[in-house]
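In what follows, a structure is listed as C-alpha cells, so that the remarks can point back to it.
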Amino acid sequence: MQNNYFFALNSNRFRLLFIILLFSKLGFSHGINGIVIDQQSQGIPNAKVSLIGSVKYSMTNGLGEFVLTDVHLGDSISIESQGYQKRTFLIDNESYFEKNVLFQLFENATELSEVKVTGNRTTLTQSANINLTLQPVRSAQELLTLVPGMFVAQHAGGGKAEQLFLRGFDIDHGTDVALSLDGMPVNMVSHAHGQGYADFHFVMPEVVDKVNFEKGPYDVTKGNLATAGSVDFQTREQLTKSFVSGEYGMFQHKKITAGIKVLENQKNNAYFAADYLQTDNYFESPQDFKRINFYGKYTGIISPSFKITVSASTFQSSWNASGQIPQRAVESGMISRFGAIDNTEGGNTSRTNIQLGVIQKINASSSLKSDFFFSAYDFSLFSNFTFFLEDSVNGDQIHQYENRKIYGGKTEYKKTISLNENTIFSFTGGGGFRYDDINNIGLAQTTGRTQLRNQVQLGNINETNLFGYVSGKLEINRLVISAALRGDNVTFYYNNLNDSVYQPKSLSQAVFLPKVSLLYNATDHVQLYLKSGIGYHSNDARVMLSSDNLTKKALPLALGTDLGATWKLTKNLLFNGALWYLLSEQEFVYVGDAGVVEPSGRSQRLGFDAGLTFQPTKWLFLYSNLNYSHARSVAEPKGENFIPLAPVFTSDGKVQLNFKKGIFTTLSYRYMGDRAANEDRSVLAKGYFVNDFTVGYQRKSFVVTAIVNNVFNVNWNETQFLTESRLKDESQSVSEIHFTPGTPFSCRLQVKFMF
C-alpha cells in the first residue's frame with residue numbers, strides 16, 4: 001500500500017515535471033524576424049533560411065527579410081544563397097528573437113558556377129574576385145592587374161608609384177583612374193610628381209578580400225579622377241588563419257610577412273599584419289630597395305543593427321634607381337640594358353592611415369554608412385630624364401618632394417522600398433569632403449642627391465573637395481533603370497614661397513555630373529547594359545593659380561558611354577564584352593622636370609573589351625581578356641593626332657590548375673602591342689609578350705610556392721618615353737626612345753606556415 005502511494009506520488013511528480021518542461025519549451029518558442037545581408041550590409045533576396053532538424057524553412061524577400069516561426073533556444077538555423085557561403089547560426093541567446101536581427105553571409109568567390117549573371121548590377125567583378133581567391137596575389141602591383149584590361153609598369157626602383165594603362169589611357173600614375181581602399185582615396189591631387197599620383201605600395205595583398213571596379217565615369221560615389229575608371233579594394237574583416245611566410249629569390253630578394261588573429265568571436269574580430277621587403281633588383285647598380293608595412297583592423301558588432309570598423313596602417317620605403325636609359329647608349333655598348341646613366345636616382349616615401357567605418361541599420365529597408373580617414377604622407381624623389389641637356393657640367397637631376405596631410409569622410413544613406421512582388425525602388429544619397437594640406441611642395445635642381453643647385457618651385461597648397469550625390473534605381477522584373485547626379489566643388493589655394501612678397505592665390509570651381517544606365521536581364525544567363533555618364537579630373541593647383549593660367553578650366557569633364565553584355569554560355573563558361581566611347585575636354589601631360597601640367601586639348605577614345613572565364617572543373621581555371629582602343633586628339637589634323645603612348649591592343653590571361661593532392665600551378669601571359677610614341681606615329685614604343693609561372697604545394701598548415709617571372713627570358717621594355725636628352729660626351733641632343741627594361745628571367749621561393 002505504501003509502495004503504491006509512493007509510486008502514484010512519483011508518477012504525479014513526473015507528469016508535473018513533464019508538463020512544466022513542455023510548457024517551458026512552448027513558452028520559449030519564438031519567431032525570428034531577421035534580415036540576411038552581404039558584406040556591404042545590403043539585403044540578399046531569395047536566400048533560404050532553414051531550421052535544422054526540421055522541414056521548416058523561409059525565403060528572404062527583395063530586401064533580405066524573412067520570418068521563421070517556432071524556433072527555440074538551442075536550435076540552429078542554416079542560411080544559403082547562390083554565390084555565398086552557407087552558414088549555420090546557433091540560437092543561443094534571446095537577442096536572436098529581437099526584431100530585424102542581421103545575419104551576414106560571405107561571398108563564395110571560388111567557383112564560376114556560383115556566379116550569377118542576373119541581378120541589379122553588372123557582374124564583371126565576380127570573375128576578378130574568383131581570380132583573387134583561387135590564387136592570392138603577392139604584391140600591390142598584382143592587385144591592380146586584377147582589373148581586366150589594366151596594365152601596370154614600374155620604372156623607378158620599385159618604390160615609385162606604378163605607371164597605369166587602361167582603356168586607351170597612359171594614365172601616368174593615376175590621372176584618370178581613381179583608386180581607393182575601403183573608401184579611402186589613394187590618389188594624390190596636386191602632387192609633386194604628377195596629378196593623381198597613386199602609390200599603392202602601402203596596401204598589403206594578404207589583407208585584401210575583394211576588388212570592386214567600374215570602367216568609365218559611371219559610379220556616382222566616385223568623383224575626381226574617375227574618368228577611365230575607378231577601383232576600390234576592400235580589406236578582410238578577419239583572417240582565416242594566422243600565418244607567417246618567408247620569401248627568398250634572385251637579386252638578393254628577401255621578404256618576410258606575418259598575420260596574427262588577435263580577437264575572434266561572434267561579435268568581435270581583430271588582426272594584425274606586417275611585412276618587410278628588401279631587394280637589389282636586376283639592375284647592375286643595386287637598388288637597395290627596402291619597404292616595411294604594418295596593418296591592423298578591428299571589426300565589432302555593437303548591436304544587431306550597428307557595426308564599427310577601425311583600421312590603421314603605416315609604411316615606409318627607400319630605394320635607388322637606374323631610371324630611363326636612352327636606346328643609343330645601349331646600342332653603342334656604353335651601357336647594358338640594365339645599366340644606368342645616373343645611378344643616384346631614387347627616393348623615399350611613407351604613408352600612415354587611420355580609418356573609421358560605421359554601418360547602422362536604421363530599419364528593415366534603410367541604412368546609414370559613414371567612413372572617415374586621416375593620412376600623413378611624405379614623398380621625396382630624385383630623377384634625371386635628360387642627363388646633360390640643360391646643364392652640361394652638373395647634369396639635369398631634379399628633386400621633387402612634399403609633406404601632406406589628408407582629412408576626409410563620407411556618409412551615405414540607402415533606402416529600399418518593395419513596391420510590389422516584382423518591383424523594387426532603391427534610393428541612395430550621400431555627401432562628404434576631402435581636404436589636402438600640402439606643405440613645402442617643391443622642385444629643385446640637384447646633383448648626386450646631395451648638392452642643391454637651384455630651387456625651381458616651393459610652396460604650400462590647400463585643396464578642398466566638397467561633394468554630394470543622389471541616385472535612384474528601379475527594378476521591374478528583369479529591367480533595372482538607374483539615374484544619378486553628383487555635384488563636386490573644388491577649392492584651390494596656393495602660396496608660392498618663392499615670391500618676394502606674400503600673395504597667395506585661390507580659385508573655386510564646381511561641376512555637376514549626371515549618370516544614367518539601363519540593365520536588362522534578358523534571360524537567366526544573359527545580361528545586357530547601357531551606361532552613360534560624365535566624370536572629371538582636376539588640374540594641378542600650381543598650374544591653375546599661376547598668373548597666366550587663371551582663366552583655364554580647373555575641372556575638365558569626360559563623357560563616357562558603354563554598351564555591354566555578360567553571357568553565361570554554360571554553367572562554367574562566362575563571356576563579357578563592351579563597346580565604349582570616352583570624350584575628354586582636356587588631356588593632361590605632366591612635365592616633371594618643369595613642374596607643370598601641359599594641357600593638350602580635347603581627345604576621344606573608343607574601343608572594345610572582351611573577356612572569357614572558363615572553369616570546367618574545380619581544379620582548372622582559364623581566363624583571357626582582350627582590349628582594343630583607338631585614341632586620338634580632336635583638334636589635330638588626321639595623321640598628326642595620335643596620343644603618345646596610348647595603348648592600342650592589350651591582352652592578359654592565365655591557365656590555373658589546383659589539384660586535390662595540394663599541387664597547384666599557373667601559367668600567365670600579358671601582351672602590350674606597339675603604340676605611337678609621338679603625335680604622327682613616326683616613332684613607336686615597341687610592344688611585348690611576357691609569361692610568368694607559378695607552382696606550389698599546399699597542405700593544411702603550410703604552403704610552398706615557386707614563382708618564376710619572364711619564363712622565356714625575353715628582352716622587353718616595361719616603360720618607354722620619347723625624350724630629348726644629351727649624354728656627357730655629346731655635343732648635340734638626341735630625341736629617341738628612353739626605356740626601363742622589364743624583368744629578365746628570375747625566380748623566388750616562398751614558404752608559408754598557417755596556424
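Every number in this text was worked out from the coordinates using simple rules, so none of it is lab data. These numbers were taken from a predicted model, which means no experiment stands behind them. Neighbour counts are summed over all protein chains in view; Cβ atoms, including those assigned to glycine, are modelled from backbone coordinates with ideal geometry.
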>> Which three numbers, in whole Å and largest first, are the semi-axes of the equivalent ellipsoid of the range 593-699 derived from its Cα gyration tensor as √(5λ)?
In response: 40, 15, 12
> Which is farthest toward the positive dipole end of the chain among Ala312, Met188, Gly168, measuring Cα position about the Cα centre, with Cβ charges +1 (Lys, Arg) and -1 (Asp, Glu)?
Replying inline: Ala312
> Which value, in nm² and rounded to one decimal, describes the direction-averaged projected area of the C-alpha convex hull of the range 176-291?
Replying inline: 9.8
> Taking a 25 Å limit on the Cα-Cα distance, which of the listed pairs Lys210/Lys752; Lys568/Lys752; Lys553/Lys686 fall beyond it?
Replying inline: Lys568/Lys752; Lys553/Lys686
>> Run the helix sum for the chain: -39,500 (n - 2.57) per DSSP H stretch of 4+ residues, divided by residue count, reported at 222 nm to the nearest 500 deg cm²/dmol.
In response: -2000 deg cm²/dmol
> Exposure proxy check: Arg453, Arg726 ranked by fewest other beta carbons within 10 Å?
Replying inline: Arg453, Arg726
> Assigning unit charges at the beta carbon (Lys, Arg +1; Asp, Glu -1) and nothing else, what dipole magnitude in debye, to the nearest 20, does the range 124-754 show about its Cα centre?
Replying inline: 2680
> Past the 19 Å Cα-Cα mark, which pairs from Lys215/Lys515; Lys215/Lys361; Lys99/Lys307?
Replying inline: Lys215/Lys361
> Spin-label point model (7 Å from Cα, Cβ direction): what's the Asn363 to Asn691 distance in nm?
Replying inline: 6.1
> Helix 2-27 versus the longest principal axis of the chain: what angle, 0 to 90°, nearest 10, using Cα atoms?
Replying inline: 30
> Say the dipole of the chain comes from +1 at the beta carbon of Lys and Arg and -1 at that of Asp and Glu; which of Leu626, Val211, Phe664 then lies farthest toward its positive end?
Replying inline: Phe664
> Any idea which of Tyr57, Leu518, Phe373 is furthest toward the positive side of the dipole for the chain, if Lys and Arg beta-carbons carry +1 and Asp and Glu beta-carbons -1?
Replying inline: Tyr57
>> Can you tell me the orientation of helix 124-134 relative to the chain, as the angle in degrees between its alpha-carbon axis and the longest Cα principal axis, to the nearest 10?
In response: 80
>> For a quick check: with amide H placed at 1.01 Å from N, whose amide H comes under 5 Å from Val456's, ignoring anything fewer than 5 positions away on the same chain?
In response: Leu443, Ala444, Gln445
> Using Cα pairs under 8 angstrom and six or more residues apart, how large is the relative contact order of the chain, in percent?
Replying inline: 10
> Hey, what do the phi angles of the range 703-709 turn into as Karplus ³J(HN,Hα) couplings, whole Hz, using 6.51/-1.76/1.60 and θ = phi - 60°, x for Gly and Pro?
Replying inline: 9, 10, 9, 10, 10, 10, 9
>> If you take every residue apart from Gln154 with its C-beta less than 10 Å away from the C-beta of Gln154, what net charge results, scoring Lys and Arg +1 and Asp and Glu -1?
In response: -1
> What dipole magnitude, in Debye to the nearest 20, does the range 368-477 give about its Cα centre under +1 on Lys/Arg Cβ and -1 on Asp/Glu Cβ?
Replying inline: 360
> Of all DSSP beta bridges in the chain, what percent run antiparallel (nearest 5)?
Replying inline: 95
> Roughly how large, in nm² to one decimal, is the mean projection of the convex hull of the alpha-carbon atoms in the chain?
Replying inline: 37.6
